[in-house]
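If you scroll down you'll find the structure; I have some questions about it.
The values are calculated or read from the model by the stated rules, or taken from the named source; none is laboratory data. Fair warning: this is a prediction, and the values are worked out from it, not measured in the lab. FYI the Cβ positions are ideal-geometry reconstructions off the backbone, even for glycines, and counts take in every protein chain you see. The area values use the complete protein model at the heavy-atom level, side chains included, leaving out ligands, DNA and RNA. Shrake-Rupley method; radii C 1.70, N 1.55, O 1.52, S 1.80 Å.
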Amino acid sequence: MKVYTKTGDKGTTALFGGTRVPKHHIRIESYGTIDELNSYIGLIRDQDISNLYKEILIKIQHDLFTAGAILATDPEKAILKNGKERLNIPKIKEGDIELLENEIDRMEDSLPPMTHFVLPGGHTTVSYCHIARCVCRRAERLSVQLNETEAVDEGVLKYLNRLSDYLFVLARKLTFDLQAEEVKWIPEKLG
């Protein structure tokens with residue numbers, strides 16, 4: 001299988017199912033941003049962090065490939081007239097979302113309560129988490145925008161929402177684990 005196909009040289013790309021769309025189509029932006037997010041998750045995983053975090057991050061990367069495959073599928077070509085799926089695309093399951101929720105709860109149990117917003121930073125690994133969180137929010141916004149014109153699997157939308165929460169809490173937990181300073185955002189008083 002060659003990396004280059006030359007089929008996209010005129011600015012279009014194929015979805016699963018064969019439909020060709022412009023490379024700037026909101027569907028392409030959605031799953032392209034998930035791909036970008038997956039790369040940042042890999043960068044976090046490459047840091048000197050606990051193996052437990054690395055295992056969860058690998059699971060997340062697999063889930064993001066699933067979400068990307070769902071978004072890369074033309075919904076009109078995914079289901080046959082008899083209601084059966086034409087393409088064998090996995091789904092984001094409720095258990096995938098519950099794993100994120102359980103990990104958020106587990107990490108929060110060992111953290112001091114949040115009393116203020118926190119400024120991103122304090123340690124390179126923490127900053128990578130915040131960048132990934134922001135990219136995740138962008139992927140979520142794009143997927144929600146796509147959902148306004150073409151149905152997006154609800155599991156993908158829920159997963160992205162929960163994943164951004166997970167990445168925020170992971171940033172806080174790594175701040176704690178790495179003994180970095182968590183800088184609170186305290187607005188300046190006017191006048």
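Taking segment 148-186 only, how many residues are open to solvent by 60 Å² or more (accessible area, probe 1.4 Å) and closer than 14 Å to ALA67 by Cα?
Count: 3.
Here are the criteria: (1) outside any loop (DSSP other than H, G, I, E, B); (2) touching a residue at least 60 places away in the same chain (Cβ under 8 Å); (3) farther than 26 Å from PRO187 by Cα; (4) not aromatic (Phe, Trp, Tyr). Tell me which single one ASN161 does not satisfy.
Looking at each condition in turn, ASN161 falls short on (2).
Considering each residue of segment 164-189, count those that are aromatic (Phe, Trp, Tyr) and without any contact (Cβ under 8 Å) to a residue 24 or more places away in the chain, and give that number.
Summing the residues that are aromatic (Phe, Trp, Tyr) and without any contact (Cβ under 8 Å) to a residue 24 or more places away in the chain in segment 164-189 gives 0.
Moving to a separate point now. Could you check PRO90 against (1) open to solvent by 90 Å² or more (accessible area, probe 1.4 Å); (2) not in a helix (DSSP H, G or I) and say which number it fails?
Status for PRO90: all satisfied but (1).
Could you figure out which of (1) part of a loop (DSSP other than H, G, I, E, B); (2) under 19 Å from ASN38 (Cβ atoms); (3) of a type outside the set (S, T, N, Q) isn't true of GLY122?
Of (1) part of a loop (DSSP other than H, G, I, E, B); (2) under 19 Å from ASN38 (Cβ atoms); (3) of a type outside the set (S, T, N, Q), only one is false for GLY122: (2).
Take the residues in segment 164-181 that are of a type outside the set (A, V, I, L, M, F, W, C) and part of a helix (DSSP H, G or I); name whichever of them is nearest to ARG133 (Cα to Cα).
SER164
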